[in-house]
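Peer 1: This structure is in structure tokens; I'll ask about it shortly.
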Amino acid sequence: MKNWFDTWFNSPYYHLLYKDRDFSEADNFISNLLKQLNPSQHHSFLDVACGKGRHSISINEKGFKVEGIDLSKESIDYAHSFRNERLHFNVHDMRQVYKEGEFDFVLNLFTSFGYFNSDKENEDAVKAMSANLKKGGQIVIDFMNSKKVISKLVENEEKKVEHILFKINRRVENGYIIKDIKFNDNNQSYHFEEKVRALTLNDFKKLVDKAGLKIINLWGDYDFNDFDAINSQRLILLLQK
């Protein structure tokens, strides 16, 4: 049986529903992030679960060597059109080591974590990120602030994109935030699911400890204000190996 992300992320409907996730938004975040990380031009980046590569492309345009990996072949096929000698993309499972000891920075952005069914798989993903780092390298994990999301959860929503009306239902179940997405196209009904573990800062602390990493900074939004467990939109962790 396939995981939900194996089918949904490779569906053209996923890319249609989220087509408004644009490059200018990613570029603004990356500009702010690089000010915090202060990398040198010789430093290299790995973008884990990179999707269509918008963050990778932005980093590369600022002069850095970047590799992006994602499980979605469709996303990577799209990202390939932007590749150059200092920007590469590959289909790869984030739970497995990609290139051991190769990168100065590993990034996991825009809630591209917590998709898995077991704690061990989450642990494997963090350990793999760490293994991809050089000694002393840093990891950035940009996750939703689960407590804020749950407190403000919109249970039912309809969103029309082009000719398709997406009917979206959200709920919290067994520690996961679940989004059911239903729609019709060409007289055929579709149903997809997104399922993300509602991880908190304490959960991440446990994962980080098991991977032999340490948290050296926390932020709560894309302007890099301090993290507040109740009010922050994001939970952005800076980890060091």
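Peer 1: At 222 nm, what helix-only mean residue ellipticity would the chain give, in deg cm²/dmol to the nearest 500, using -39500 (n - 2.57) for each DSSP H run of four or more?
Peer 2: For the chain, the value works out to -8500 deg cm²/dmol.
Peer 1: Can you give the charge dipole size of the chain about its Cα centre, rounded to the nearest 20 debye, using +1 on the beta carbon of Lys and Arg and -1 on the beta carbon of Asp and Glu? Mind dumping the intermediate values first?
Peer 2: Values: 35 positive and 36 negative charges, 85 e Å.
Once rounded to the nearest 20, the dipole reads 400 debye.
Peer 1: For segment 166-204 and segment 75-150, write down the distance between their C-alpha centroids in whole Å.
Peer 2: Here the answer is 21 Å between Cα centres.
Peer 1: Which one of F82, V140, F5 is farthest out on the positive end of the charge dipole of the chain, using unit charges on Cβ (Lys, Arg +1; Asp, Glu -1) and the Cα centre as origin?
Peer 2: Of F82, V140, F5, it is V140.
Peer 1: By per-residue mean of other Cβ atoms within 10 Å, what is the highest-first order of 222-230, 198-206, 124-132? Could you put the intermediate results ahead of the total?
Peer 2: On the way: 222-230: 13.8, 198-206: 16.1, 124-132: 21.6.
Listed from highest to lowest mean packing, they are 124-132, 198-206, 222-230.
Peer 1: Something else about it: Which pairs in the list K152/K206; K19/K210; K135/K205; K127/K195 are over 29 Å apart, alpha-carbon to alpha-carbon?
Peer 2: Working: K152/K206 26 Å; K19/K210 36 Å; K135/K205 20 Å; K127/K195 22 Å.
The pairs that break the limit, which is 29 Å between Cα atoms, are K19/K210.
Peer 1: Can you give the local net charge around P39? Use residues other than it whose beta-carbon is closer than 12 angstrom to its beta-carbon, Lys and Arg +1, Asp and Glu -1. Write out the running numbers ahead of the final one.
Peer 2: Numbers: positive: K35, K62, K65; negative: D104.
It works out to a net charge of +2.
Peer 1: Further question: With every protein chain kept in place and ligands, DNA and RNA left out, what is the accessible area per residue of the chain? Probe 1.4 Å, answer in Å². Provide the component values of the computation, followed by the final result.
Peer 2: Values: 11990 Å² over 241 residues.
With the other protein chains kept in place, the chain gives 50 Å² per residue.
Peer 1: What's the local net charge at Y14, with K and R +1, D and E -1, over the other residues with C-beta under 10 Å away? Before the final figure, lay out each step's value.
Peer 2: On the way: positive: K19; negative: E74, E194.
Overall, the nearby charge balance is -1.
Peer 1: Using a 1.4 Å probe on the protein heavy atoms, what percent of the accessible area of segment 91-185 belongs to carbon and sulfur?
Peer 2: Working: 2010 of 4450 Å².
The value for segment 91-185 is 45 percent carbon and sulfur by accessible area.
Peer 1: Given an 8 Å cut-off on Cα distances and at least 6 residues of separation, report the relative contact order of the chain as a percent. Please report the intermediate quantities before stating the final value.
Peer 2: Working: 464 pairs, mean separation 41.0, N = 241.
Once normalised by length, the contact order is 17 percent.
The values are calculated or read from the model by the stated rules, or taken from the named source; none is laboratory data. From a predicted model like this one, the values you see are computed outputs, not experimental measurements. As a convention, Cβ positions derive from the backbone with ideal geometry for all residues, glycine included, and neighbour counts pool all protein chains shown. Keep in mind that these areas ignore ligands, DNA and RNA; they rest on the heavy atoms of the full protein, side chains included. Shrake-Rupley method; radii C 1.70, N 1.55, O 1.52, S 1.80 Å.
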